[in-house]
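K.L.:
One structure coming up, written as structure tokens, with questions to follow.
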Amino acid sequence: MNNRLMIGITGASGARLGVRTVEMAGELEVETHLVVSRGGEATLFHETGRDLPSVMAQADFSYPVREIGAQPASGSFKMVGMVIVPCSMKTLSAVVNSYADSLLTRAADVTLKERRPLVLVVRETPLHKGHLDLMRRAADLGAVIFPPVPAFYHRPESIEQMVDQMVARILEPFGLEHPARRSWPGLSP
């Protein structure tokens, strides 16, 4: 299998997770392909102070969200899979309903049709029944629903450690193991 990973960043809160996913996948020598929605661009700047060009430059390849004819829009473009981190409810709805009106949602649709892992880091709270139904339907299509819930069993001392733990776990469905991942130590008697 090749080592290409498609990464999408949308406008939901959690842009830091998306940026760190690009960084950590790169640390594992994974070829990163990045697309950021228009909402994602605004959230990136608001939450991280970084502009879109600086984040796009971190990926091996990056694409404008409207470039629907880019290579990742085709099933013939081999990838280990795709992650959308964070994944807004709007994007989740588009993926579930095969509304492939942008490169981001088309690449997700292709990932599902080719039976490759699609991880949706759904970011919204609280959730109403419509959100839950969309997540169930995405899971029925084969997507992995991965809310960004921090773990505390490894006793993180900083937000960066919590982010790294979450991103390391996000990468696992693609067979990628990052050294930042801390396993459950078990309970001592």
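Every number in this text was worked out from the coordinates using simple rules, so none of it is lab data. Keep in mind that this is a model prediction, so the values were computed, not measured. Positions of Cβ are generated from backbone atoms using ideal geometry, with glycine treated the same way; all protein chains shown enter the neighbour counts.
K.L.:
Name every residue in region 68-85 that is closer than 17 Å to Ala25 by Cα and of a type outside the set (Lys, Arg), in order of residue number.
P.N.:
Passing the criteria: Met79, Val80, Gly81, Met82, Val83, Ile84, Val85.
K.L.:
In addition: Looking at region 26-54, which of the residues that are part of a loop (DSSP other than H, G, I, E, B), on the phi < 0 side of the Ramachandran plot and not charged (D, E, K, R) is surrounded by the most Cβ atoms within 10 Å (Cβ to Cβ)?
P.N.:
Just the residues of region 26-54 that are part of a loop (DSSP other than H, G, I, E, B), to begin with: 28-30, 37, 49-51.
Then keep just the ones that are on the phi < 0 side of the Ramachandran plot; that gives 28, 30, 37, 50-51.
Okay, now just the ones that are also not charged (D, E, K, R), so 28, 30, 37.
Numbers: Leu28: 16, Val30: 20, Ser37: 23.
Ranking the candidates gives Ser37 first.
K.L.:
Test Thr91 against the stated conditions and say whether it is at negative phi and touching a residue at least 60 places away in the same chain (Cβ under 8 Å).
P.N.:
Against the criterion (at negative phi and touching a residue at least 60 places away in the same chain (Cβ under 8 Å)), Thr91 qualifies.
K.L.:
Applying the selection to region 93-106, what residues are touching a Ser or Thr at 6+ places or on another chain (Cβ under 9 Å), within 15 Å of Leu141 (Cα to Cα) and either of a type in the set (A, V, I, L, M) or outside any helix (DSSP H, G or I) (or both)?
P.N.:
Residues satisfying the conditions are Ala94, Val95, Ser98, Tyr99.
K.L.:
Residue under question is Glu23, and the condition is that it be surrounded by fewer than 21 Cβ atoms within 10 Å (Cβ to Cβ), acidic (Asp, Glu) and touching an Asp or Glu at 6+ places or on another chain (Cβ under 6 Å); does it hold?
P.N.:
No; evaluated as a whole, the condition is false for this residue.
K.L.:
All but one of (1) within 15 Å of the chain's Cα centre (by Cα); (2) surrounded by fewer than 19 Cβ atoms within 10 Å (Cβ to Cβ); (3) not in a loop (DSSP other than H, G, I, E, B) hold for Gly130, so report the exception by its number.
P.N.:
If we test Gly130 against (1) within 15 Å of the chain's Cα centre (by Cα); (2) surrounded by fewer than 19 Cβ atoms within 10 Å (Cβ to Cβ); (3) not in a loop (DSSP other than H, G, I, E, B), just (1) comes out false.
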